[in-house]
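Notes to accompany the following structure.
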Amino acid sequence: MAARRGHGHAVAGVNLPVYLNGQLVAREEACLPITDRGLLFGDSVYEVIPVFRGAAFRLRQHLDRLQRSLDAIRLANPLSREAWLKAIASLYEPTAGADLAIYVQVTRGAYPTRAHRMPQATSPNVIAFASPIPARDPDSANPGLRAITLNDIRWHRCDIKSTNLLPNVLAQAEAQQRQAEDVIFVRDGRALEGSASNLFIVLDELLLTPPKCDEILPGITRELVLDLARDAGIAHAEAGIDEAELARAEEIWLTSSTREIVPVVQLNGEPVGQGKPGPHWQRMDQLYQAAKERNRLAAFSGNRHEN
Ligand code: PMP
């Protein structure tokens, strides 16, 4: 697949095209009809797959979760696994070595009439594009971020990675207004997850994260952090976290594929622990960086896509 025209976002001198239903096109030329159900109803699901120094990370897990989201919204996967791998590779392989986020979205498609009822014969639309992930500066310490808790006004299927993100957008606006960088959603007194991340806390030396359920996204990074904790013999549990526990946590982290493991150093204006990234975060971040490096070495020794 060759991009038809070369302008738009560029990484290391390489223009980043858009994948649109099997074609690579320049960003400016990538269009969908205004009747697309993703636009009209949010009738679509998505994934974000990180690529670190030219190697896709946890790609199989992301494609499995995409399948799960598609099943949950009763939409047949328009692409085979092989076609997904090819489409995604076409977006990052030419950039050789960059850190990228590959966004993919499947909508139920565009139909002549606007009607909530699902069409009998579907023609989904598939879009995907790469964006640079800001490089980590290895020489400067992670400053952490400030978070606020907010009442979770989202729906009851937060386990589906759907593009209905208005509550998340509004939560971010509220955080910004209150001089914070992120939000932790709370429902019925239980802290659940961030506005685009999963939640971990360290409480009495125990690493805790809420269990998987329909109130949180089953994060790929969350799963990896749990695996790394198990392998390293770090005491951990999947258990509900109430607001009081969140408030007295020694450490709070937010995890996501593109932001990795981010320490929260201030919650609702109060310092978390010592008010700086804690020792447990430091250790887990090192384990995580080592996992990324193992993945990269495996990818370039021929095991690409299946790690
Ligand atoms: N929860 C929500 C609501 C998210 O949007 C994200 C980011 N996709 C996550 C958790 C973290 O998921 P992952 O580690 O798979 O990026």
Taking first residues from the range 66-83 that are in a helix (DSSP H, G or I) and second residues anywhere that are modelled with pLDDT of 95 or more and small (Gly, Ala, Ser), the pairs with Cβ under 6 Å that are 6 or more apart or on different chains are none
Look through the range 222-262, keep the residues that are closer than 26 Å to VAL48 by Cβ and in contact with an Asp or Glu (Cβ under 7 Å, 6 or more places away or on another chain), and return whichever of them is surrounded by the fewest Cβ atoms within 10 Å (Cβ to Cβ). ILE261
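Kindly establish whether SER69 is surrounded by 15 or more Cβ atoms within 10 Å (Cβ to Cβ) and either touching a helix residue (DSSP H, G or I) at 6+ places or on another chain (Cβ under 6 Å) or under 30 Å from LEU40 (Cβ atoms) (or both). Walk me through it before giving the result.
Details: surrounded by 15 or more Cβ atoms within 10 Å (Cβ to Cβ): yes; either touching a helix residue (DSSP H, G or I) at 6+ places or on another chain (Cβ under 6 Å) or under 30 Å from LEU40 (Cβ atoms) (or both): yes.
Answer is yes for this residue.
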Over the range 120-146, the set of residues part of a strand (DSSP E or B), within 18 Å of the chain's Cα centre (by Cα) and either over 23 Å from TYR92 (Cα atoms) or not hydrophobic (A, V, I, L, M, F, W, C) (or both) is SER131, PRO132, LEU145
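If the requirement is being in contact (Cβ under 8 Å) with a residue 60 or more places away in the chain and under 14 Å from ASN125 (Cα atoms), which of these qualifies: VAL11, VAL48, VAL18? Break it down stepwise before answering.
Details: VAL11 fails: under 14 Å from ASN125 (Cα atoms); VAL48 fails: under 14 Å from ASN125 (Cα atoms).
None of the other options fit; the residue is VAL18.
Among the residues that make up the range 43-51, is at least one of them among the acidic types (Asp, Glu) and either surrounded by fewer than 15 Cβ atoms within 10 Å (Cβ to Cβ) or in contact with a Ser or Thr (Cβ under 6 Å, 6 or more places away or on another chain) (or both)? Please lay out each step first, then the result.
Just the residues of the range 43-51 that are among the acidic types (Asp, Glu), to begin with: 43, 47.
Of the ones still in play, those that are also either surrounded by fewer than 15 Cβ atoms within 10 Å (Cβ to Cβ) or in contact with a Ser or Thr (Cβ under 6 Å, 6 or more places away or on another chain) (or both) are none.
So far as the range 43-51 goes, no, none of its residues is among the acidic types (Asp, Glu) and either surrounded by fewer than 15 Cβ atoms within 10 Å (Cβ to Cβ) or in contact with a Ser or Thr (Cβ under 6 Å, 6 or more places away or on another chain) (or both).
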Inspect the range 233-242 for any residue being among the small types (Gly, Ala, Ser), within 25 Å of ARG154 (Cα to Cα) and within 16 Å of the ligand (Cβ to nearest atom) and give the result as yes or no. no
Taking interchain pairs and intrachain pairs at least six residues apart, which have beta carbon atoms under 6 angstrom, with the first residue in the range 116-143 and free of Cβ contacts under 8 Å to residues at least 12 places away in the same chain and the second surrounded by 15 or more Cβ atoms within 10 Å (Cβ to Cβ)? PRO119/TYR111
Can you find a residue in the range 155-171 that is more than 14 Å from the chain's Cα centre (by Cα), closer than 30 Å to VAL14 by Cβ and hydrophobic (A, V, I, L, M, F, W, C)? no
Can you tell me how many residues in the range 108-158 are farther than 25 Å from VAL51 by Cβ, within 16 Å of the ligand (Cβ to nearest atom) and not β-branched (Val, Ile, Thr)? 9
Sort out which residues of the range 194-227 are within 17 Å of MET284 (Cα to Cα), within 13 Å of the ligand (Cβ to nearest atom) and aliphatic (A, V, I, L, M), and write them in order of number. LEU199, ILE220, LEU224, VAL225, LEU226
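The values are calculated or read from the model by the stated rules, or taken from the named source; none is laboratory data. Computed from a predicted model, the values in this text were never measured in an experiment. So basically every Cβ, Gly included, is an ideal-geometry build from the backbone, and we count neighbours across all protein chains shown.
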